[in-house]
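Notes follow the structure.
The values are calculated or read from the model by the stated rules, or taken from the named source; none is laboratory data. Everything numeric in this text was worked out from a predicted model, so none of it was measured. Ideal geometry is used to build each Cβ from the backbone, glycine not excepted, and the neighbour counts take in all protein chains shown.
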């Protein structure tokens, strides 16, 4: 650890001397040190303490970092019309629409990003990834009662089985959660029925299982199809798609309102159980896609790599503006800002990786890991943005290399960003995102956090995931912060 | 005025003596008087002041009013599972769905409400109204650019002309507001184009003109179809329908996100203007519908009528839960509460009127006025609920009979409701709703207000206007307050 930190700091100071003219602000460093003391952040690993404090002072007074922070967040750094990342994402999504795995929209979008990176003067290359895809065809769900018939707001789930061409029509049996499902199943009540699972929303990670594993569970009890209340805290009659484990029966999500209508009718003793007619067509196949890598090669330690990533594929109904347009674009834009605004050449190598086919099973991320885990150039830090770009909160970090000293170093960076007024900055320990999770075995891994609770899941996997859901200032802020992190992050080892 | 107030108060006190055993709370009356003084509510019409103060004291200490307030809002009056109005509205809308003019859903819903009123022991009758209807057929809008093609989220506007059967395809010309539309038109730029009007949202009353009058304006300049950014402050890819003046060209609303995509592509010089393919079928006709009247006949002054109303028809995509399910149900439920909870017989006549075919041009409301303006029984007060039931704010009042003394009396009721803790209560002057507006010439007219700004217009005329958008407690509160008002309101004349 100590050896790497010293190397890093020497490199940072060298870059600072070579690339920028701004002198370290000693008063800022003193103020920062004071901040640390008054906030009582624990110094870990006693014995190394005084050496680490010296490093901290040097980090926060590094001319390069200071210059980057001032350029991207300092007074006059940003004017209100500065929304380049948003404009580029808008042009891309307006031009090619959604980017589901196996679609022309995805491959054309990759081409567009490659061209953009070339125009911006980057080294850029793609790496082919064979992917499985699921392509939505005609689909509909219709509520049929004794008194009226109406189309339901539905979305087939990814990798769902299709219905027979003419569809399925059956009585609906509504259960609240999996325990009720299994009880009804064991009592033989689900045979020949379309099962609908409703549940009380708590959070995404709790609800997710109903989308991903419910169809197999219902199939086991003889159900002919599986419906789930959309995985969302909020609905404007909005169905939310997403991946599911393929079962022998078709699986679809209903908008919350539609699930609730079925549940109410089902609960009324004096009327017949509701029926649903489900028609779902889809196609699965294998095609070739690409991970896209935009690189700034390190001047001093090219084999030490900091990766920032997001996935370029999306679901098919909106344009994937938040999921994960904001992710891949903020990763790319971080490098753009370093090259064109901060105008710095990093000592270590920076990579923006635009993973493909995440929505269809983290195919791009897993392929990237498999292809590069044994490279001579080692990924030291792997960060991703894949929960949208909203009010920024900072980073969730994880990984075997996140030892006490590394953690303390991240806290140091956090304090520095907070001090210069970067919005909502903090560091927490937690789960790294899907596309970088495998790197946690070898590196510090992590993901970008928002400070808006479940807000993101209103838009997640819906037709409403459009550019209007993205705030240009949020996107610019996150890309700017990623730029500083990519430059400043220590190589924990 | 004075004569009527005295009559009213005598009647109220008589009812109080006849129907309830609760004694006036003198301490409450004193506290109330104190409230009035400390809040400096202006006493108008000097000279009558001391007499009116005596009346106010009697009103707020009236045993009937006190009993009603305590029964509906007092300690223990409401338990959390008390959501009868919501449950009934849910059962109605779950059973018959939306209620557009000319639909079976509307007529069956009217039948259901008539049966409900009979079961509840009310005098109920319907009055036939011949109505014009517009029935949506197959419709779609498709964006076609050089690079992708995608369905747009759209809704044809009520009474729009249909397209030819095979649809219309043309280049889109985007304008920001009517001034730009007329400039572009005068310059010959709209000929043969599909015009899209976008605009910055300020409020419903400002934006409404773009929906209602835009098609005729665009037609004048040779446009072949008219599109409008949906009239809403908020969108989850949500199109908002609504009525429009029939033009020779078809007219439809796009979801905000879809309007914005078109506007951005249109603004880019380096790509071709976007094209839209519009297919809209619809049918207009004449059918018979009904206004529904539920009545509690006055024991003392049956010819003095207080009307509370809402319209029972709705738009076709959601179930009209807020617009205007909450309106007609809270009007009906106000009478239900008086009869079954408060158990009072009013001195004057109370009518809940469920107007038909408001969305298609206030047809039920206007017919009701025409049929009853010369009746021997006079409508003295006409209130409606037609902006949804959300966080309550009180009443907007208007009308030629709203003179100084009447206004002061309403303020007195307002203060009384506020004192007993009725949520968000106040009285303002302003526009009465569409179905009761004509009564303003003869009576005090008014409408229910919410304290949530534009929130209601998120749901207005959309597929998301479902029961999930209605809070059971809000609905119960509004109905309870209407019940007290229907009982307490002075007959200003």
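Of the residues that make up the range B:231-239, is at least one away from chain A (no Cβ under 14 Å) and at negative phi? Scanning the range B:231-239, I find at least one residue that is away from chain A (no Cβ under 14 Å) and at negative phi, so the answer is yes. Under the condition of being out of contact with any helix residue (DSSP H, G or I) (no Cβ under 8 Å at 6 or more places or on another chain) and outside any loop (DSSP other than H, G, I, E, B), the residues counted in the range B:296-318 number 4. Looking only at residues of the range A:118-133 that are over 21 Å from the mean Cα position of the chain (by Cα) and under 20 Å from residue A:92 (Cα atoms), we find that the one that is nearest to the other protein chains (Cβ to nearest Cβ) is A:119. One residue is enough: does the range B:408-427 have a residue meeting the conditions within 19 Å of residue B:312 (Cα to Cα) and more than 14 Å from every other protein chain (Cβ to nearest Cβ)? Within the range B:408-427 (the criterion being within 19 Å of residue B:312 (Cα to Cα) and more than 14 Å from every other protein chain (Cβ to nearest Cβ)), the answer is no, since none of the residues qualifies.
So is residue A:136 within 14 Å of chain B (Cβ to nearest Cβ), at negative phi, crowded, with 23+ Cβ neighbours inside 10 Å and in contact (Cβ under 8 Å) with a residue 60 or more places away in the chain or not? Here the answer is no, as residue A:136 does not meet what is asked.
Determine whether the range A:159-168 contains at least one residue that is in a loop (DSSP other than H, G, I, E, B), within 13 Å of another protein chain (Cβ to nearest Cβ) and either at pLDDT 95 or above or buried (at least 21 other Cβ atoms within 10 Å of the Cβ) (or both). No.
Matching residues to (1) surrounded by fewer than 24 Cβ atoms within 10 Å (Cβ to Cβ); (2) under 19 Å from the mean Cα position of the chain (by Cα); (3) in a loop (DSSP other than H, G, I, E, B); (4) modelled with pLDDT of 95 or more:
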residue: B:334; (1), (2), (3), (4): no, yes, no, yes
residue: B:367; (1), (2), (3), (4): yes, yes, no, yes
residue: B:382; (1), (2), (3), (4): no, yes, no, yes
residue: B:393; (1), (2), (3), (4): yes, yes, no, no
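Only one of the numbered conditions (1) modelled with pLDDT of 95 or more; (2) touching a helix residue (DSSP H, G or I) at 6+ places or on another chain (Cβ under 8 Å); (3) over 20 Å from residue A:356 (Cα atoms) is not met by residue A:441, and that is (2). Summed over the range B:79-101, the residues that are more than 14 Å from every other protein chain (Cβ to nearest Cβ), modelled with pLDDT of 85 or more and under 17 Å from residue B:329 (Cα atoms) give a count of 2. Only one of the numbered conditions (1) touching a residue at least 60 places away in the same chain (Cβ under 8 Å); (2) away from chain A (no Cβ under 14 Å); (3) touching a helix residue (DSSP H, G or I) at 6+ places or on another chain (Cβ under 9 Å); (4) crowded, with 22+ Cβ neighbours inside 10 Å is not met by residue B:460, and that is (2).
When the range B:187-207 is limited to residues that are in a helix (DSSP H, G or I) and surrounded by fewer than 13 Cβ atoms within 10 Å (Cβ to Cβ), the one that is modelled with the lowest pLDDT turns out to be B:205. For residue B:375, indicate whether it is without any contact (Cβ under 8 Å) to a residue 24 or more places away in the chain and under 30 Å from residue B:125 (Cβ atoms). Against the criterion (without any contact (Cβ under 8 Å) to a residue 24 or more places away in the chain and under 30 Å from residue B:125 (Cβ atoms)), residue B:375 qualifies.
In the range A:218-230, the qualifying residues are those that are in contact with a strand residue (DSSP E or B) (Cβ under 8 Å, 6 or more places away or on another chain) and part of a helix (DSSP H, G or I), and the one that is farthest from the other protein chains (Cβ to nearest Cβ) is A:219.
When you look at residue B:253, is it away from chain A (no Cβ under 14 Å), part of a helix (DSSP H, G or I) and within 30 Å of residue A:239 (Cβ to Cβ), yes or no? Against the criterion (away from chain A (no Cβ under 14 Å), part of a helix (DSSP H, G or I) and within 30 Å of residue A:239 (Cβ to Cβ)), residue B:253 does not qualify. Screening residue B:104 on (1) surrounded by 14 or more Cβ atoms within 10 Å (Cβ to Cβ); (2) over 30 Å from residue B:349 (Cβ atoms); (3) in the same structural domain as residue B:337 (by TED's automatic domain parsing) shows it passes everything except condition (1). Going by the structure shown, is residue A:76 over 25 Å from residue A:295 (Cα atoms) and either surrounded by fewer than 22 Cβ atoms within 10 Å (Cβ to Cβ) or away from chain B (no Cβ under 14 Å) (or both)? So residue A:76 passes the test. Residues in the range A:260-287 that are within 22 Å of residue B:318 (Cα to Cα), more than 10 Å from every other protein chain (Cβ to nearest Cβ) and crowded, with 23+ Cβ neighbours inside 10 Å: A:276, A:278. When residues in the range A:463-476 are screened for being more than 14 Å from chain B (Cβ to nearest Cβ) and crowded, with 24+ Cβ neighbours inside 10 Å, 1 of them pass.
Residue selection: residue B:108 satisfies the criterion of being within 14 Å of chain A (Cβ to nearest Cβ) and at pLDDT 95 or above.
Taking residue B:263 as the residue in question, decide whether it is more than 30 Å from the chain's Cα centre (by Cα) and in a helix (DSSP H, G or I). Yes, satisfied. Do we find that residue B:479 is more than 30 Å from residue B:254 (Cβ to Cβ), at pLDDT below 95 and away from chain A (no Cβ under 14 Å) in this structure? So residue B:479 fails the test.
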